[in-house]
Amino acid sequence: MVECTVMAVGNMAIMGANCTWQCRVKDGVMSKATATQEVASAQVELESQFANKGLLTEERPWGAYTVLEEGPGYKIKRIVVKPKHRLSLQMHYHRSEHWIVVSGTAKVTCNDNEHVLSHNESTFVPPCSTHRLENPGVIPLVIIEVQNGQYLGEDDIVRFNDDYNRAPKD
């Protein structure tokens, strides 16, 4: 049996690509369904739920992100990083981030440490830590990011190095 990663957010269930089963969330109750018959329809259903909830996907040179939910002191994003792409080497003053790999392989840099994460593995990025997320693989990297902090604006980013020329010049 293959391990399955399921992240429930509101009434949506997000699953890893290599699942032998999936969970559906309806009225707060999770039920089991056969993936061979339901994976394609689940993807369509999730995309439909994103659209119906007015969730917008922001495109970036490295991939895209969708804010799934946010409230005072927290924000939850689904981040997709294209193969062989990476985000800026960056830092945030006002928030921490917890990354959970749903599918693909993540190369994570946090301060002076580098490590590789696979599906169903996670890492924590404290505030004021220099960090980067990279996809060294050949399939898209999908992670769930949970941000916590007093201020979660997209302008709380200090870029040190960026493959897409978005970091300040010296």
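Summed over the range 129-157, residues that are touching a strand residue (DSSP E or B) at 6+ places or on another chain (Cβ under 6 Å) and either outside the structural domain of Val102 (by TED's automatic domain parsing) or assigned to a loop (DSSP other than H, G, I, E, B) (or both) total 7.
Residues in the range 72-97 that are in a loop (DSSP other than H, G, I, E, B) and small (Gly, Ala, Ser) were compared, and the one that is nearest to Gly149 (Cα to Cα) is Gly73. Residues that are part of a loop (DSSP other than H, G, I, E, B) and within 29 Å of Pro136 (Cα to Cα) were ranked within the range 43-71; the one that is modelled with the lowest pLDDT is Leu55. You will find that of Ile100, Ile76, Ile143, the residue that is at pLDDT 95 or above, under 13 Å from the mean Cα position of the chain (by Cα), of a type in the set (A, V, I, L, M, F, W, C) and closer than 26 Å to Asn165 by Cβ is Ile143 and no other.
The values are calculated or read from the model by the stated rules, or taken from the named source; none is laboratory data. Everything numeric in this text was worked out from a predicted model, so none of it was measured. Ideal geometry is used to build each Cβ from the backbone, glycine not excepted, and the neighbour counts take in all protein chains shown.
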